[in-house]
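A.B. asks: Encoded as structure tokens, here's the structure I'll be asking about.
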Amino acid sequence: MPKCVYCKKEYDVPRGLTLVKNDGTINYLCSSKCRKNMKMKRRKVRWISKKKKSKKE
């Protein structure tokens with residue numbers, strides 16, 4: 001399963017988009033939402049969270 005370059009989410013093969021650059025690097029994107037935000041060079045977006053913080057009680 002490929003992993004999205006933007007949000008680091010794994011997705012199934014028939015979905016998503018594969019971008020091949022002129023230098024030969026391959027970028028996998030899971031949705032058009034990730035593609036558009038990557039094109040606009042956004043890095044800090046609320047819906048991307050690497051680790052959820054747990055509440056300490």
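A.B. asks: Quick one: would you say Lys21 is modelled with pLDDT of 85 or more and surrounded by 10 or more Cβ atoms within 10 Å (Cβ to Cβ)?
C.D. replies: Working: modelled with pLDDT of 85 or more: yes; surrounded by 10 or more Cβ atoms within 10 Å (Cβ to Cβ): no.
For Lys21, the condition - modelled with pLDDT of 85 or more and surrounded by 10 or more Cβ atoms within 10 Å (Cβ to Cβ) - is not met.
A.B. asks: Let me ask something else. Please identify the pairs in which a residue from the range 1-23 that is farther than 12 Å from Lys33 by Cβ has its Cβ atom under 6 Å from the Cβ atom of a residue that is surrounded by 10 or more Cβ atoms within 10 Å (Cβ to Cβ) and among the acidic types (Asp, Glu), counting only partners at least 6 apart or on another chain.
C.D. replies: Met1/Glu10; Lys3/Glu10
A.B. asks: Now for a different question. Got a number for residues in the range 1-15 being within 20 Å of Arg43 (Cβ to Cβ), assigned to a loop (DSSP other than H, G, I, E, B) and of a type outside the set (A, V, I, L, M, F, W, C)? I'd like the intermediate steps shown before the answer.
C.D. replies: In the first step, residues of the range 1-15 are kept if they are within 20 Å of Arg43 (Cβ to Cβ); the result is 3-9.
The next check asks that each one be assigned to a loop (DSSP other than H, G, I, E, B); those that pass are 4-9.
In the following step, the residues that additionally are of a type outside the set (A, V, I, L, M, F, W, C) were identified as 6, 8-9.
Residues that pass the stated criteria total 3.
The values are calculated or read from the model by the stated rules, or taken from the named source; none is laboratory data. Source: prediction; values computed, not measured. Don't worry about glycine lacking a Cβ; one is built from the backbone with ideal geometry, like all the others, and counts go over all protein chains shown.
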